[in-house]
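Structure, as structure tokens:
What follows draws every value from the coordinates through simple rules; no lab data is involved. As the structure is a computational prediction, the values presented were derived from the model and not from experiment. Because the Cβ atoms are built from the backbone with ideal geometry, glycine has one as well, and the counts that use them run over all protein chains shown.
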Amino acid sequence: MEVNNKLMMNKAKENNAKRVFVALGANLGEPLQQLDAAVEALQKVPEINCLAMSKVYVSKPHGPQNQPDFTNAVLAIDTTLSPEQLLDVLQRIEIEQGRERHEHWGARTLDLDIILYANQTIQTERLTIPHAYAHEREFVLQPLADLDETLVLPQHGKITELLKQLPTETMEVIRDVTTYNR
Ligand code: A4P
Ligand code: MG
């Protein structure tokens, strides 16, 4: 089903929740199933309302090259959780889905990153929001654009402008629909 951004915006206002975008990534096991399982797990959290999942993309790893290609997507949610509470939930799901941590920027069964939390800029020991590398990653910005082309990354600008500098053609679309998950 196509995403209706207006509908999404109205909902956030109604229940006073924050609109948040979570990046999903995996390159071990069954990556696409890992992403879908993560969305299902997030839907089960009472304080989280999953609104829409972007198209799903496969691309070469940024960083160390001696690892499998990554599967990536972005999920739009509304949540009443604080950024730290949401991070706790994401890390719990990463662990429950068997994530193994080896090297920085290395292979993983599931990586869940908070890309945007409303229009807030956050810098704490545990959290950098917007995500520190979002502005230079086509595998984050293109799925964000699938969900809402008008998004702006605080301090970096419009995602459509940032995307013009990036090699989006190198990504393969493996699921060509933006889906509601309710
Ligand atoms: N942290 C800080 N800010 C955030 C945030 N906005 N969201 C902290 C989530 N976590 C945040 O992360 C380490 C710490 O980051 C967390 O404990 C949290 O407090 P991590 O996931 O445990 O470890 P990491 O792998 O060292 O870092 P990170 O940042 O998740 O890795 P990246 O930057 O996501 O890089 N290439 C392709 N094509 N696709 C990919 O998805 N991913 C990576 C991983 C590299 N190359 C890739 C991809
Ligand atoms: Mg992470």
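Please label the shape of the range 23-182 as rounded, prolate or oblate, based on the square roots a ≥ b ≥ c of the eigenvalues of the alpha-carbon gyration tensor (a/c under 1.5 means rounded; beyond that, a/b larger than b/c means prolate, else oblate). It comes out rounded by the Cα gyration axes. With Cα atoms defining each centre, the range 105-182 and the range 22-63 are spaced 13 Å apart in the structure.
Straight-line cross-link partners of Lys158 among the aspartates and glutamates, defined as a Cα under 15 Å from its Cα and at least 8 positions apart when in the same chain: Glu136, Glu138, Asp146, Asp148, Glu149. Ignoring the sites themselves, the chain has its longest run without GluC sites (Glu not before Pro) in a DSSP loop having at most 15 other Cβ atoms within 10 Å at 48-99.
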